[in-house]
Each structure stands twice: as C-alpha cells, then as structure tokens.
C-alpha cells in the first residue's frame, strides 16, 4: 500500500489525497464519515481533501446524504497519463533553454582579429551605444564603417563627428583606452588597448543586461555632458 501511495504522490497528490482516493477505489461509494473510517485520515480533514480531489477531476459527489466515488481505474490512468505527457512536453521545451542560459558564451579576440570582430558586429547593426574613456583610432575606423544609429560617450568624442548622431563628452582627462559597445541591445563588446587591442564579446542575457544598466548609469551621471 505504501508503494501505491508514493506512486500517487508522484502525480501531485498529498498523502491524505492518496489515502482517500485509494479508499474510494477499494470501497466504491462512501459518505464522508466512511471515508474517514476507511482511509484513516482525520475526520476534520475529509471534506477539504475530497474537495481537492474533486477539483482535480478524480472524485465525484452525488445524492443525499452526499456520497463520494472515485473515477474508474481506466479514467484515472488516462488522467495520470495526460499529466505525465504534459510534464514531459514542458520539460522538453524548458530544459534546453535553462541549459543554454547557464552556458553564456564569452569570447576573447586579440590584435587585428579583434578589430575585425568590431567591424563584423557593427557594420550591419541598426543601433550602437559606445561608452569609453579614450577610443583608439582603430576602433573609430571600425565604427566609421557602420551606418547604425549611434550614441557615443568618450573623452575624444570630437573625433566621432560625422559618425555618431549623439555625442557625449567625458569631463575628466585620460589617455586610458578602454570601453564598451552595445550592439542592437543584444551583444556587448568590451575593448582594451594597451599595446595590443583586446576585445571581449558576450551575448548572454545576464551579461548584456548588466552592461545595459552600466551604460545607463554612465550616461545619466555628472561625468558626461552633451557635445
């Protein structure tokens, strides 16, 4: 009996629900008092348990005084089989998405390949946002090849005139060459220039969302002003 109860519980039934259902299957038609007697659950819980089973479509009520009966075993198996199929279908759809989400891929590019990657990302983009300290010339050259609507924030923002539709100047002076580019709100490219150009690219949802918030905070700060 314990194995049957555990099997029923695997379909989302509580222990009390499993015991009441088994009592009704075994005895056929029972009053609430008889349900408590044969199932062994507290009489004060009978009506709540039966109501829950009725809501699940497993038990029916009829007559005066009111009696209760379970669906026949064939109908019960049909309901449980449908539940299994629904759960499997749901898992089939959701598990790959979870698996993909946990493996957000981040790639690193160096040298000329890094610049080629910037060109690849931005040339056909519709919208780009750039926030940087000082943008190196090779990155500016890559941005010149893009026809995207753009917003740029940097110390040397004047060099981007004619390239960007929105320019913001960083108020502090620096020659440090690093920053990030948000491409169509879906991909982030972080660049560094210290002798060699390095570009880190990621398109995972969490990665992109973090840098979107970072960009918004920069553009809203007192450190930048419209050019």
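The numbers here are math on the coordinates, done by the rules we state, and not lab data. Keep in mind it's a predicted model, so treat the numbers as computed, not measured. Here Cβ is always computed from backbone atoms with ideal geometry, including for glycine, and neighbour counts include all displayed protein chains.
Looking at the square roots a ≥ b ≥ c of the eigenvalues of the Cα gyration tensor of segment 106-226, which shape do they give, rounded for a/c under 1.5, prolate if a/b is larger than b/c, or oblate? In terms of gyration-tensor shape, rounded. For the pair segment 114-176 / segment 183-204, the C-alpha centres are spaced 12 Å from each other. Between residue 62 and residue 220, the FRET efficiency estimated from the beta carbon spacing at R0 = 45 angstrom works out to 0.10. Largest GNM mean-square fluctuation across 176, 150, 52, computed for the chain with C-alpha springs under 10 Å, falls on 52. Between segment 205-227 and segment 24-45, the C-alpha centres lie 64 angstrom from each other.
Against the main long axis of the alpha-carbon atoms of the chain, helix 205-219 sits at an angle near 50°.
To the nearest ten degrees, helix 15-27 and the longest principal axis of the Cα atoms of the chain are 40 degrees apart. Look at [x] 1.87; [y] 1.28; [z] 0.97: the one that is Cα Rg over 2.2 N^0.38 Å derived from this structure is [x]. The peptide list 127-134, 114-121, 43-50, put in order of mean Cβ contacts within 10 Å with the highest first, becomes 127-134, 114-121, 43-50.
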